[in-house]
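As structure tokens, the structure follows; a few thoughts come after it.
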Amino acid sequence: MAQIRLNHVEKSFGQESVVKDLDLTIKDGSFTVLVGPSGCGKSTTLRMIAGLEQQTSGEIWIGDRCVNNVEPGKRNVAMVFQNYALYPMMTVKENIEFGLVNRKVPKPERERLIKEITEIVGLSEYLNKKPQSLSGGQRQRVALARAMVKSPAVFLMDEPLSNLDAKLRSQMRTELIQLHKRLGATFVYVTHDQVEAMSMGDQIIIMDKGRVQQADTPMTIYNDPANVFTAQFIGTPP
Ligand code: ADP
Ligand code: MG
């Protein structure tokens with residue numbers, strides 16, 4: 001249903017080509033991790049899927065629609081950012097509710113959704129707090145809740161845990177895997193951390209220098225790396 005397909009997608013900024021002939025399928029309902037060194041084009045790829053960046057050429061399909069000319073709000077995706085992107089003047093509840101008010105969701109339905117989702121992400125006690133009084137992990141949960149109220153078919157997450165300390169990061173990884181099972185949506189998760197990638201994803205896409213080096217299950221990548229880059233990047237002997 002919400003399989004994502006990139007057909008020969010390219011992206012240049014001026015003269016600089018940053019994504020080169022991306023041709024890949026992200027399976028419906030998968031937890032797909034896009035991993036590679038800093039600057040290899042992961043965020044640009046995610047932003048093109050979200051519609052926040054227009055590709056220079058090629059097609060992007062979400063489900064059975066080519067979304068090349070579909071605006072971000074109509075792509076049935078929600079993005080979760082590394083820096084949370086919360087509104088500092090609004091409470092947790094207002095931050096989560098904002099998008100629902102914009103979409104004219106009636107108040108009783110908004111209340112129901114917020115109650116249900118804040119229980120799932122463990123924020124029920126914090127609804128009237130401002131973001132600056134929350135910990136990093138709690139802020140990231142607000143960002144997740146804000147994405148969840150849209151019930152998107154696809155969650156796009158750009159290094160969502162990289163501002164958290166190691167202990168919290170490991171806890172949030174487990175929570176995200178559980179959340180993925182519970183929601184049954186397609187998760188596309190960007191990280192530069194190969195350990196995180198291999199432990200979280202059921203499908204892994206390894207990128208380097210704007211190209212896909214290998215796209216497979218963690219097991220296949222580990223046992224049968226496609227090239228020297230992949231082998232070295234994930235740390236198996238070449
Ligand atoms: P990653 O997320 O893998 O670290 P990015 O997708 O952010 O990589 O960036 C890939 C390349 O594209 C980098 O060289 C970066 O400097 C360049 N780039 C990204 N966004 C822009 C932009 N808006 N304008 C110019 N260059 C950009
Ligand atoms: Mg990035």
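The values are calculated or read from the model by the stated rules, or taken from the named source; none is laboratory data. What you are looking at is a predicted structure, and each value in this text was computed from that prediction instead of being measured. When we count neighbours, we look across all protein chains shown, and the Cβ atoms used for this are built from the backbone with ideal geometry, even at glycine.
Give the range 126-142 a look and list any residue that's surrounded by 21 or more Cβ atoms within 10 Å (Cβ to Cβ) and either among the polar types (S, T, N, Q) or more than 13 Å from residue 90 (Cα to Cα) (or both), or say none.
Of everything in the range 126-142, those that are surrounded by 21 or more Cβ atoms within 10 Å (Cβ to Cβ) and either among the polar types (S, T, N, Q) or more than 13 Å from residue 90 (Cα to Cα) (or both) turn out to be 140, 141.
Provide a single number: the residues in the range 3-32 that are in a strand (DSSP E or B) and within 13 Å of ligand 1 (Cβ to nearest atom).
11
So, in the range 15-34, how many residues would count as being over 22 Å from residue 183 (Cβ atoms), within 16 Å of ligand 2 (Cβ to nearest atom) and either modelled with pLDDT under 95 or in contact with a strand residue (DSSP E or B) (Cβ under 7 Å, 6 or more places away or on another chain) (or both)?
Within the range 15-34, residues that are over 22 Å from residue 183 (Cβ atoms), within 16 Å of ligand 2 (Cβ to nearest atom) and either modelled with pLDDT under 95 or in contact with a strand residue (DSSP E or B) (Cβ under 7 Å, 6 or more places away or on another chain) (or both) number 3.
Hey, can you tell me all the residues within the range 35-52 that are part of a loop (DSSP other than H, G, I, E, B) and within 16 Å of ligand 2 (Cβ to nearest atom)?
Within the range 35-52, 36, 37, 38, 39, 40, 41, 52 meet the criteria.
So the check is Cβ under 7 Å with 6+ separation or different chains; which pairs have a first residue in the range 8-37 that's farther than 18 Å from residue 206 by Cα and a second one that's in a strand (DSSP E or B) and of a type outside the set (D, E, K, R)?
Between residues of the range 8-37 that are farther than 18 Å from residue 206 by Cα and residues that are in a strand (DSSP E or B) and of a type outside the set (D, E, K, R), the close pairs are 12/18; 28/186; 29/186.
Check every one of the strands (runs of 3 or more DSSP E) wholly within the range 155-233 and list those with 1 or more residues that are within 16 Å of ligand 2 (Cβ to nearest atom) and under 29 Å from residue 137 (Cβ atoms).
Because the criterion is at least 1 residues that are within 16 Å of ligand 2 (Cβ to nearest atom) and under 29 Å from residue 137 (Cβ atoms), the strands (runs of 3 or more DSSP E) in the range 155-233 that meet it are 186-191, 203-208.
On the basis of being in a loop (DSSP other than H, G, I, E, B), surrounded by 16 or more Cβ atoms within 10 Å (Cβ to Cβ) and in contact (Cβ under 8 Å) with a residue 24 or more places away in the chain, does residue 152 make the cut?
For residue 152, the condition - in a loop (DSSP other than H, G, I, E, B), surrounded by 16 or more Cβ atoms within 10 Å (Cβ to Cβ) and in contact (Cβ under 8 Å) with a residue 24 or more places away in the chain - is met.
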